[in-house]
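Coordinate-derived values only; no laboratory data. From a predicted model like this one, the values you see are computed outputs, not experimental measurements. A quick note on method: Cβ atoms are made from the backbone with ideal geometry, for glycine too, and the neighbour counts reach across all protein chains shown.
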């Protein structure tokens, strides 16, 4: 068994692997958040882009994401808490802390991420810079 990088007690294929391959859609905001973490760690940039809200996709730079993922190693993902984001919700929040190694440096990314349903599937909604056009 290859453990999933989002949860070391679950096999990758039974966890985030099914989402990254497109075999299943994440049923909750938490599942999407975990799968996005796995996508970054595994370098699955197309999944990262596709699972971002449509309004924010034009702000993503694929070559920059590829370069970032190449220098990234996931150490540990800790879920701090969730608010809504269940199977019947339209909006949800997931607070997490990701311990990473980025180009050899230890980094902790802490965030309370917003997720929404878009065309029936969960997407990550980044905070966009109001001054950027």
What's the extension gain from residue 117 to residue 90 if we count 0.36 nm per residue and subtract their Cα-Cα distance?
-> 9.2 nm
Taking the C-alpha atoms of the chain, convex hull volume expressed per residue in Å³ = 116
Let me have the 222 nm mean residue ellipticity of the chain computed from DSSP H runs of 4+ only, each contributing -39500 (n - 2.57), with the sum over all residues rounded to the nearest 500.
-> -7000 deg cm²/dmol
Site residue 99, offset 7 angstrom along Cα→Cβ, radius 17 Å on amide nitrogen, limited to the range 1-17, gives 4-9
Binned at 5 Å from 0, what are the whole-percent values of the Cα-Cα distance distribution for the range 37-84, short to long?
-> 4, 20, 24, 20, 18, 12, 2
Using a basic spin-label model with each label point 7 Å from the Cα along Cα→Cβ, how many nm lie between residue 110 and residue 59?
-> 2.2
Simple spin-label estimate for residue 18 and residue 49 in nanometres, 7 Å along Cα-Cβ | 2.7
